[in-house]
Structure formats: C-alpha cells, structure tokens
1. If R₀ is 22 angstrom, what is the calculated FRET efficiency for the pair I80 and A112, using the beta carbon separation as r and rounding to 0.05?
2. Provide the per residue accessible area, probe 1.4 Å, for the chain, rounded to a whole number of square angstrom.
3. Given bins 5 angstrom wide, list per bin the percent of all Cα-Cα distances in the chain, short to long.
4. Karplus couplings for segment 57-74 from phi (6.51 cos²θ - 1.76 cosθ + 1.60, θ = phi - 60°), rounded to Hz, Gly and Pro as x?
5. Which whole-Hz ³J(HN,Hα) couplings does segment 6-19 yield from phi under the Karplus relation 6.51 cos²θ - 1.76 cosθ + 1.60, θ = phi - 60°, glycine and proline marked x?
6. Just in segment 25-91: which chymotrypsin sites (Phe, Trp or Tyr not before Pro) are loop by DSSP and have at most 16 other Cβ atoms within 10 Å?
7. What is the spin-label model distance, in nm, from S20 to K58 if the labels are put 7 Å beyond Cα along the C-beta direction?
8. For segment 30-39, in order, what is each residue's ³J(HN,Hα) by Karplus, 6.51 cos²θ - 1.76 cosθ + 1.60 with θ = phi - 60°, in whole Hz (x at glycine and Pro)?
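The values are calculated or read from the model by the stated rules, or taken from the named source; none is laboratory data. Worth saying up front: this structure is predicted, and the values here are computed from it rather than measured. Reconstructed Cβ throughout: ideal geometry from the backbone, glycine too, with neighbour counts over all protein chains shown. We work out accessible area using only protein heavy atoms, side chains counted, and drop any ligands, DNA or RNA first. Shrake-Rupley method; radii C 1.70, N 1.55, O 1.52, S 1.80 Å.
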Amino acid sequence: MCIFCKIVNKEIPSNPVLESDDFLAFHDLNPKAPVHILVIPKIHVESFNEVSSEIMAKMTPFMQDVAKEMGVEDSGYRLITNIGDNGGQEVRHLHFHLLGGAKLQWGHFADADPKDFI
Ligand code: AMP
C-alpha cells in the first residue's frame, strides 16, 4: 500500500486541514512555502495521467475549499501536480500541492537553459 493510502487509512499520521468522503487535504511534511498543503483523492490514483474527469470535477471545489480554509483564496496561491520521473513525482498517488502564504517565485524548472530549446 502506498504512503498516501496509509495516511487515508490512518495507518500513519498526518496533519489534516480538510476532509470529505472522497478527498483529504493535509500539511506537507517538508513545506516549501508558508502554506503547503497536499490534496489527494482517497482512492488510489497513480497520477494525473490516470485520473478520471469525474474525480477531477469533484476535486476542483474541494481544492477551492482548501484555499478558503487556509485563507489564501484572495491573496493567491499555486496548484502543482508532479507527474512521473521528469515531473519529479516522488509519491505515486495523485496529489496537488497547494502553495501560498507568500509571494511565490517563478523561475527555471530544469537544469538546462530553456532558451536552448527554442
Ligand atoms: P511529489 O514530489 O510531488 O511526489 O511530492 C511528494 C510530497 O509529499 C513531498 O513534498 C513530501 O514532502 C510529501 N510527503 C511525503 N511523505 C509525507 C507524509 N508522510 N506526510 C506529509 N507529506 C509527505
């Protein structure tokens, strides 16, 4: 069983901020911003590649509620989902990082200079 399924099953602890029948939001263990929440479906979905439109349709308002719950709805925030090796996905259970609470930086995402590919 994957680590996020174990969190859903309460086999390992988390610091939850919002829960519904289908989704769970909890604090990231190694926050990269003042607000860094992980939002997951309770059922195991490996990544964004495999998620159904039905789950995403339900997940959207849940993530909007998480932003409200964390008080970043108006100040702004970023949603990121990493997919596969090049995406840097370490945990193979779909999760959205909700980051905020400060002005987030925007920069190069790859070691290579993007201009080399133009
Ligand atoms: P990713 O690289 O997109 O797969 O992100 C995985 C994220 O899960 C990282 O930001 C980790 O800090 C976070 N993480 C891993 N294990 C836990 C855990 N037990 N509780 C909370 N966050 C975790």
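1. Details: r = 20 Å, r/R0 = 0.90.
That pair, I80 with A112, gives E of 0.65.
2. Heavy-atom accessible area per residue stands at 66 Å².
3. 2, 10, 20, 23, 20, 13, 7, 3, 1, 0
4. 4, 7, 6, 4, x, 5, 5, 4, 5, 5, 4, 5, 4, 8, x, 10, 3, 8
5. So the Karplus estimates, Gly and Pro as x, are 5, 5, 4, 7, 6, 7, 10, x, 9, 10, x, 10, 7, 9 Hz.
6. Numbers: sites: F26, F48, F62, Y77; in loops: F48.
Sites meeting the loop and neighbour criteria: F48.
7. 0.8 nm
8. Running phi through 6.51 cos²θ - 1.76 cosθ + 1.60 with θ = phi - 60° gives 10, x, 9, 7, x, 10, 9, 10, 9, 10 Hz.
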